[in-house]
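The structure under discussion is supplied below as structure tokens; questions concerning it will follow.
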């Protein structure tokens, strides 16, 4: 860099007096499968007012670092993409431990508000000794609200207690699979919110029952198989009914048909339908579902598989939130 007027960081005086210079190797990452490193002759200036010495400012590398600013920016962008730490290290010409170090420096704050329509689901993360983690989503904006370290009743209750009563009262609908754990948490912390059973999970109960019948009867075509298929077709007609009283009436009639069919595979889940009756009705009245959360879970599985597992929960959480476009843009810009 050319000799230029410098401002002393100690006293604020201007100076052009040189003290010397030393070479610094700066890593600019990989280009066309080759590592790019530049040698920068960094000047040191001496203030003629206070006699302090200081290094010149430059636009391409921070003090004490060998990683260029553009390469560092590229590294942070990679953290918001699907890929392993090893791949990122190769592309940025740094060690894996350096990538992990920079990932650990990213701190994404907890949210202070909750959405009107909230989705809650679990995913198998295997992070920090916990098999399952929890994802909280905003189903109106299709964005991730937060990632929680474990699927535990008390832990979830304590998490939602961190929000004010006013913030929790803003939540009108909560969509979930038919998990008694999630329902207990929601009924405790959101007593005025409507719980919506995810339509996919409701229909899956019926499909599983049919599949159980098929497994037992497929080799011998029977009346049981025909009755099971008829019950499945009859259940799917519920999508053409829109009012709450009509849906409630139709489900009750359908459950009576299940009982009269004498198929144990269908009768087994009758308890679930009775226990979750209001929430199942909501599943077919309201337009909300946990489809977005399920899609996020798929991305999480891909990220975990590509990375061969991510054991450190906070780094795992950062990677997941950065994968969400809305969060990625705002946090990287900040």
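Can you give me the Rg/Rh ratio for region 38-160, using Cα atoms for both radii and the Kirkwood formula for Rh?
Taking Rh as the inverse mean 1/r over Cα pairs, Rg/Rh reads 1.16.
Return an integer: the convex hull volume of the alpha-carbon atoms of the chain, in Å³ per residue.
Once divided by residue count, the hull of the chain is 199 Å³.
Moving to a separate point now. Return one number: the angle in degrees, 0 to 90 and rounded to the nearest 10, between the long axis of the Cα atoms of helix 180-189 and the longest principal axis of the Cα atoms of the chain.
70 degrees
Shifting gears a bit: Cα centroids of region 259-304 and region 65-125: how far apart, whole angstrom?
Measuring centre to centre over Cα atoms gives 33 Å.
How much length, in nm to one decimal, is gained on full extension between residue 70 and residue 218, taken as 0.36 nm per residue of separation minus their Cα-Cα distance?
Difference between extended and current length: 47.1 nm.
In the chain, what percentage of the DSSP-assigned beta bridges are antiparallel, given to the nearest 5?
Here the antiparallel bridges make up roughly 80 percent for the chain.
If you don't mind, there's one more thing I want to ask. In square nanometres and to one decimal, what's the mean projected area of the convex hull around the Cα atoms of region 112-162?
Answer in nm², one decimal: 3.7.
If the viscosity is 0.692 mPa s and the temperature 37 °C, what translational diffusion coefficient in µm²/s does Stokes-Einstein give for region 59-109 when Rh comes from Kirkwood over Cα pairs?
Stokes-Einstein gives a translational diffusion coefficient of 291 µm²/s.
Could you work out [θ]222 nm for the chain from helices alone, using -39500 (n - 2.57) per DSSP H run of at least four and dividing by all its residues? Round to the nearest 500 deg cm²/dmol.
For the chain, the value works out to -14000 deg cm²/dmol.
I need the calculated FRET efficiency for the pair residue 124 and residue 38, taking r as the beta carbon distance and R₀ as 51 Å, to the nearest 0.05.
FRET efficiency, residue 124 to residue 38: 0.70.
Full extension from residue 187 to residue 10: what is 0.36 nm times the residue separation minus their Cα-Cα distance, to one decimal in nm?
Roughly 57.8 nm would be gained on extension.
Using a Gaussian network model on the chain with a 10 Å cutoff between Cα atoms, which of 191, 115, 245 fluctuates the most?
245
Also, quick follow-up: Just to be sure I understand: with springs between alpha-carbon atoms less than 10 Å apart, which residue in 55, 108, 251 has the highest mean-square fluctuation in the Gaussian network model of the chain?
It is 55.
Same structure, new question: Evaluated at 25 °C with a viscosity of 0.890 mPa s, what Stokes-Einstein diffusion coefficient in µm²/s does region 271-320 have when Rh comes from the Kirkwood expression over alpha-carbon pairs?
Using the Kirkwood radius from Cα pairs, D works out to 182 µm²/s.
Here's a follow-up. As a test, work out the antiparallel percent of DSSP beta bridges whose residues both lie in region 57-214, rounded to the nearest 5.
The antiparallel proportion sits near 65 percent.
Also: Of 298, 58, 282, which has the largest mean-square fluctuation in a 10 Å C-alpha GNM of the chain?
Between 298, 58, 282, it is 58 that shows the largest mean-square fluctuation.
Just to verify a number: FRET efficiency for residue 167 and residue 81, C-beta to C-beta distance, R0 = 25 Å, to 0.05?
0.20
Between residue 208 and residue 30, what FRET efficiency follows from the Cβ-Cβ distance if R0 is 51 Å, with the result rounded to 0.05?
After rounding to 0.05, the efficiency reads 0.55.
Can I ask one more? Using alpha carbons only, how many angstrom separate the centre of region 149-218 from the centre of region 6-29?
59 Å
What residues from region 282-321 fall in the zone where the backbone N is under 17 Å from a label point 7 Å along the Cα-to-C-beta line of residue 246?
So the set is 282-287.
We did not get these values from a lab; they are worked out from the coordinates using the rules stated. Source: prediction; values computed, not measured. Here the Cβ is made from the backbone with ideal geometry for all residues, glycine too, and neighbour counts use every protein chain on show.
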